[in-house]
Amino acid sequence: MQSPTLWNAVVLGGGDPGDAFAAAHGARVKPLIEVAGQPLGLYVLQALRASGRVRRVAYVGPLTPEMEALTDLRVTGSGQLLSNLEAGLRALKEQQGGPGAERVLVVTADIPMLTPQELADLLDQAAAQAPRLAWSTQWCAAKTARQLFRGPAHLRHRA
């Protein structure tokens, strides 16, 4: 059996320091808003690590100690989406030592419904279907839409 393709990940966890939604929830930026007792960004990092498909994670934005423990590279964000993406990619490239992952997943840190199995499925299919990126994007959007209506078990209301 062939081992899975490994990816690097850039997690965009910054945001507008003046975000009214984050401020209303007592957080500096949206990924630090707590849901079911932990920050949104922590759910994303846990899913990336548990997927078994991610080699290194560059996190752009503020972190909690629990989030930092799951991050390989901490990158200071500039507040601008494209600049943050560039900074994350540059950090991965500069730290490229030993065997690396050629592919990079870019994900935002405010999607707590992301699950390890769905990430593994998506990344495996993307690796196999690389020339058909539009298909991979559509598949990801469809999976996300389904999640919005049912939500993963770890975030469902417990009576």
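The values are calculated or read from the model by the stated rules, or taken from the named source; none is laboratory data. Everything quoted here is computed from the prediction, not taken from an experiment. Backbone-built Cβ (ideal geometry, glycine too); neighbour counts: all protein chains shown.
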Anything in region 30-57 that is within 12 Å of the chain's Cα centre (by Cα), more than 18 Å from residue 3 (Cβ to Cβ) and part of a strand (DSSP E or B)? List them, or say none. 57
Could you list all residues from region 76-125 that are β-branched (Val, Ile, Thr) and free of Cβ contacts under 8 Å to residues at least 24 places away in the same chain? 76
Considering region 74-89 alone, what residues qualify as being in a loop (DSSP other than H, G, I, E, B) and surrounded by 15 or more Cβ atoms within 10 Å (Cβ to Cβ)? 77
Would it be correct to say that residue 29 is without any contact (Cβ under 8 Å) to a residue 40 or more places away in the chain, in contact with a helix residue (DSSP H, G or I) (Cβ under 7 Å, 6 or more places away or on another chain), under 23 Å from residue 119 (Cβ atoms) and surrounded by 14 or more Cβ atoms within 10 Å (Cβ to Cβ)? yes
Just one of the numbered conditions (1) over 18 Å from residue 4 (Cα atoms); (2) at pLDDT 95 or above; (3) assigned to a loop (DSSP other than H, G, I, E, B); (4) out of contact with any Phe, Trp or Tyr (no Cβ under 7 Å at 6 or more places or on another chain) is not true of residue 71; which one? (4)
